[in-house]
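What follows is a single structure, written as structure tokens, with notes after it.
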Amino acid sequence: MTKLVALAALSATLLAAQFKYPPAIPDASNVETYKSVDGTDLKLWIFEPKGHKAGDQTPAIVFFFGGGWRGGSPTQFLEQSRYLASRGMVAMLADYRVASRNHVTADKCVEDAKAAMRYVRHNAKRLGIDPNRLAAGGGSAGGHLAAAVATLPGHDGPAVDLDVSPVPNALALFNPAVVLAPAPGFEAIVKSIDGLEARMGAPLETMSPYHNVRAGLPPTIIFHGKADTTVPYSTVVAFCKAMQDKGARCELEGYEGQAHGFFNYGRNDNVPYRDTVRKMDEFFHSLGWLKGQPTIEATE
């Protein structure tokens, strides 16, 4: 086992310990099943602003948890969702199939993520959501899924209504895995991940957001630790530059000395959590999705 694989496995283990599965989220405003597959009901836990109702045109975000496509829990972004709901957005925590529970490869994770985005957009009126202000967010493998629904063609799954787009209108990515196929300068990184193509379940370039950057991608903000050895910082630098070269807005917030998962609630006295949430708030405010100043400092 290579060092990178060992670190990824350790990261997934620590994440599983911190974020339990199945999740207990009693304060969610609503819970819906967006997809049923192989005997598994995949759910969305929904957090709504005060007074929110069907027919509203509220901006929204769907969060995808991390865990190496092997494990993890939707509760990873629970605090971020509570906060954004308090600020006027609908925030949703999406479950999806993973290797440890459902014996699937990462291409099935992408199928589920696209299904979640399509479900929300298709049901936007009933959910009180503006289908043209729908963001995707996530961390690590979940960051890959959020980037994937924006960039990757295919991986739609059977019996999918292709008239409903899964592409988000904005992205908030936390240490995302975005380079998953050989590329100039990254051959060693990709080769160091044992069994990557088997884990992906599909040709690597079809699963790599970096290799599928194109014009017209949504505005994006990325939070990444510069000391991240699980997903090297250089990979998001390259991804962000590729987006900018295609005319997309991409902001990269790099954190000196911070490792993988630094942003999670409960770590480092919540200093990185508060900073990343505040900057995410400012990003959505710049899009016109939120009003007023961030309130994150008052929540701690």
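Comparison of PHE263, PHE239, PHE284 shows that the only residue that is open to solvent by less than 70 Å² (accessible area, probe 1.4 Å), in contact with a Leu (Cβ under 6 Å, 6 or more places away or on another chain) and aromatic (Phe, Trp, Tyr) is PHE284. For the stretch 113-153, filtered to residues that are among the polar types (S, T, N, Q) and open to solvent by 10 Å² or more (accessible area, probe 1.4 Å), the residue that is farthest from ALA91 (Cα to Cα) is SER140.
Residues checked against (1) of a type in the set (Lys, Arg); (2) in contact with an Asp or Glu (Cβ under 9 Å, 6 or more places away or on another chain); (3) more than 21 Å from LEU173 (Cβ to Cβ):
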site	(1), (2), (3)
PRO22	no, yes, yes
ILE25	no, no, yes
GLU32	no, no, yes
THR40	no, yes, yes
TRP45	no, yes, no
GLN57	no, yes, yes
PHE63	no, no, no
GLY68	no, no, no
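Within the stretch 223-236, if we keep just the residues that are in contact (Cβ under 8 Å) with a residue 60 or more places away in the chain and touching a strand residue (DSSP E or B) at 6+ places or on another chain (Cβ under 8 Å), the residue that is most open to solvent (accessible area, probe 1.4 Å) turns out to be VAL231. Only helices (runs of 4 or more DSSP H) whose full extent lies in the stretch 87-195 are considered here, and the ones with at least 3 residues that are modelled with pLDDT under 95 are 187-191. In the stretch 39-86, of all residues being closer than 21 Å to THR295 by Cα and small (Gly, Ala, Ser), the one that is surrounded by the most Cβ atoms within 10 Å (Cβ to Cβ) corresponds to ALA60. If you go through the stretch 21-34 and keep only what is surrounded by fewer than 22 Cβ atoms within 10 Å (Cβ to Cβ) and not in a loop (DSSP other than H, G, I, E, B), you end up with ASN30, VAL31, GLU32, THR33.
Taking the stretch 161-180 as the range and being among the aliphatic types (A, V, I, L, M), within 21 Å of the chain's Cα centre (by Cα) and more than 17 Å from MET243 (Cα to Cα) as the test, only VAL164 passes. SER192 meets each of the listed conditions (1) crowded, with 19+ Cβ neighbours inside 10 Å; (2) of a type in the set (Gly, Ala, Ser); (3) touching a helix residue (DSSP H, G or I) at 6+ places or on another chain (Cβ under 6 Å) apart from (1). For TYR255, work out the one condition from (1) surrounded by 14 or more Cβ atoms within 10 Å (Cβ to Cβ); (2) at pLDDT below 95 it doesn't fulfil. Unmet for TYR255, out of (1) surrounded by 14 or more Cβ atoms within 10 Å (Cβ to Cβ); (2) at pLDDT below 95: (2). Restricting attention to the stretch 210-222, the residues being part of a helix (DSSP H, G or I) and either touching a His at 6+ places or on another chain (Cβ under 7 Å) or open to solvent by 40 Å² or more (accessible area, probe 1.4 Å) (or both) number 2.
Residues of the stretch 103-112 that are surrounded by fewer than 23 Cβ atoms within 10 Å (Cβ to Cβ) and either under 20 Å from ILE25 (Cβ atoms) or among the aliphatic types (A, V, I, L, M) (or both): VAL104 alone.
Among the residues of the stretch 201-216, is any within 23 Å of GLY88 (Cβ to Cβ) and within 13 Å of the chain's Cα centre (by Cα)? No, every residue in the stretch 201-216 fails to be within 23 Å of GLY88 (Cβ to Cβ) and within 13 Å of the chain's Cα centre (by Cα).
The values are calculated or read from the model by the stated rules, or taken from the named source; none is laboratory data. For clarity, every value in this text was computed on a predicted model and none was experimentally measured. Note that we place each Cβ from the backbone using ideal geometry, even for glycine, and neighbour counts take in every protein chain shown. Heavy atoms of the whole protein, side chains included, go into the accessibility calculation; ligands, DNA and RNA do not. Shrake-Rupley method; radii C 1.70, N 1.55, O 1.52, S 1.80 Å.
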